[in-house]
Amino acid sequence: MTFDLIIRNANLPDGRKGMDIGVAKGKIKAVGSNLVGDAATEIDAAGMLVSPPFVDPHFHMDATLSLGRPRLNQSGTLLEGIALWGELKPIQTRDDIVERALRYCDLAVSQGLLAIRSHVDICDDTLLGVEALLDVKAKVAPYLDLQLVAFPQDGFYRSASAEQNLIRALGMGVDVVGGIPHFERTMADGARSVRALCEIAAERGLRVDMHCDETDDPNSRHIETLAFEAQRLGLQGRVAGSHLTSMHSMDNYYVSKLLPLIEEAGVAAIANPLINMVIQGRHDTYPKRRGMTRVPEMTGAGIPVAFGSDCVMDPWYPLGQADMLEVAHMGLHVAQLTSRDQMKWCFEAVTETPARILGLEGYGLEPGCNADMIVLQAKDPIDAIRTKAARLHVIRRGKVIASQSRKISNLSLEGRPAIVDPADYAPTENPKS
């Protein structure tokens, strides 16, 4: 059989080893050991991990790489970040947004990040950010899937023109309905906004992704309303609640009631470990909360949970590098997900799970899927997270679009391979006492 590309001797995230992947016309045509065929291009993975691309389910591309304009966030709080963003919006241009977003997309691709869901602020009556990111979406389509969320940053009801602007943005081609109920003036207005926004999505057949309860307040409970509305309107499987940090502060009895409601409503959760680790708990002395939502409890309840990066060098977060392995690494630590199954799950939280939440078609490593892949300098998903593995090759529709040099593990020893196989250090079946 003739292929355009064959990747030889690959380890796959599900544990299969020594596999060949044959690609033709931008699709995966065959996966198996000792694949027979010729190809114009062959890559020897040499026992390294080949994965579907990383997916970031929560980002703010209209603000990215704007750090320091017009000033820095001195308190590190969410509210100062929102205020700072409000100062930047009137002085930035459409070209500014496009240039920063394109630079970020180039960085993302080099990191094997080929699908991003970005919220875009619609509270500017010019819809400058919407126009800019729709332009960016078209420009990057050959190498990156960009999904846009109409996000009323200043509040759907709190901002006088947000409702009409959101409808305009959807009409222009924005994909998903967003919201921020905890930023409305009252809890009642927040709940009312959830209802209205979900009704707009249901009428238009769109998905919903709502900033929900991004606060340390244990009484901020808009996720309960979001779950109710998703079920009432038949939106199961099309709704995500992002952040959900108030759940960190809620009492256990209420959470024991809440989790089954979220699962029953088919609502997914998107945690953002890098950002919520530094934004939450800013008003605490000690004990100091770190705010990330209850990831292991939600996954145990059957709720799909993904990790997002949220911000890179913007009013809310001064660091970041479009690296979803860094996101998974932080999520693993803060949620204390250190069993081997949990660590493997953290890799899924930046690949397969967000791909499902975004509704990406053709995602995966099976025949018929799009030939979008990363060759990572790691033996398995755990090794990839531990080492923040180099992306040796990034492949889009069967073509190599980025490559990096190998890096040397800091655990490499003279006479030993640079990559350390965790199995080398696994306990024996009958360890000595």
**Request:** Look at T215 and say whether it is in contact with a strand residue (DSSP E or B) (Cβ under 6 Å, 6 or more places away or on another chain) and either closer than 17 Å to L78 by Cα or aromatic (F, W, Y) (or both).
**Result:** no
**Asked** Of (1) within 26 Å of M210 (Cα to Cα); (2) aliphatic (A, V, I, L, M); (3) part of a strand (DSSP E or B), I97 satisfies all except one. Which?
**Response** (3)
**Message:** When you check D14 against the structure, is it acidic (D, E), over 21 Å from H211 (Cα atoms) and in contact (Cβ under 8 Å) with a residue 60 or more places away in the chain, yes or no?
**Reply:** no
**Asked** Would a scan of the stretch 259-278 turn up a residue that is out of contact with any strand residue (DSSP E or B) (no Cβ under 8 Å at 6 or more places or on another chain) and modelled with pLDDT under 95?
**Response** yes
**Asked** Out of all the residues in the stretch 360-402, which are basic (K, R) and either out of contact with any Gly (no Cβ under 9 Å at 6 or more places or on another chain) or at pLDDT below 95 (or both)?
**Response** R386, K388
**Message:** Here's a check for you: in the stretch 130-174, which residue that is among the acidic types (D, E) and surrounded by 18 or more Cβ atoms within 10 Å (Cβ to Cβ) is farthest from V55 (Cα to Cα)?
**Reply:** D154
**Request:** Check off (1) surrounded by fewer than 23 Cβ atoms within 10 Å (Cβ to Cβ); (2) within 22 Å of M19 (Cβ to Cβ) for T351 and give me the number that stays unchecked.
**Result:** (1)
**Message:** So for the stretch 285-306 (the condition being part of a helix (DSSP H, G or I) and of a type in the set (A, V, I, L, M, F, W, C)), does at least one residue qualify?
**Reply:** yes
**Item:** Residue count, the stretch 309-331 (criterion: part of a loop (DSSP other than H, G, I, E, B), within 15 Å of I270 (Cα to Cα) and either among the aliphatic types (A, V, I, L, M) or touching a Lys or Arg at 6+ places or on another chain (Cβ under 8 Å) (or both))
**Value:** 0
**Request:** Quickly run through the stretch 209-235 and pick out the residues that are acidic (D, E), closer than 26 Å to R282 by Cα and buried (at least 22 other Cβ atoms within 10 Å of the Cβ).
**Result:** D209, D213, E214
**Asked** If a residue has to be of a type in the set (A, V, I, L, M) and either farther than 18 Å from L376 by Cα or outside any helix (DSSP H, G or I) (or both) to count, how many in the stretch 100-114 make the cut?
**Response** 4
**Request:** Only residues that are assigned to a loop (DSSP other than H, G, I, E, B) and in contact with a Ser or Thr (Cβ under 8 Å, 6 or more places away or on another chain): list them for the stretch 332-380, please.
**Result:** T351, L365, Q377, A378
**Asked** Taking the stretch 236-256 as the region of interest, how many residues are surrounded by 23 or more Cβ atoms within 10 Å (Cβ to Cβ) and part of a loop (DSSP other than H, G, I, E, B)?
**Response** 2
**Message:** Taking the conditions exactly as written (touching a residue at least 12 places away in the same chain (Cβ under 8 Å), more than 18 Å from the chain's Cα centre (by Cα) and under 17 Å from L337 (Cβ atoms)), does E264 satisfy them or not?
**Reply:** no
**Prompt:** Taking the condition in the same structural domain as E131 (by TED's automatic domain parsing) and either crowded, with 19+ Cβ neighbours inside 10 Å or at positive phi (or both), does G76 pass?
**Reply:** yes
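The values are calculated or read from the model by the stated rules, or taken from the named source; none is laboratory data. Small disclaimer: the values here were computed from a predicted structure and weren't measured. So basically every Cβ, Gly included, is an ideal-geometry build from the backbone, and we count neighbours across all protein chains shown.
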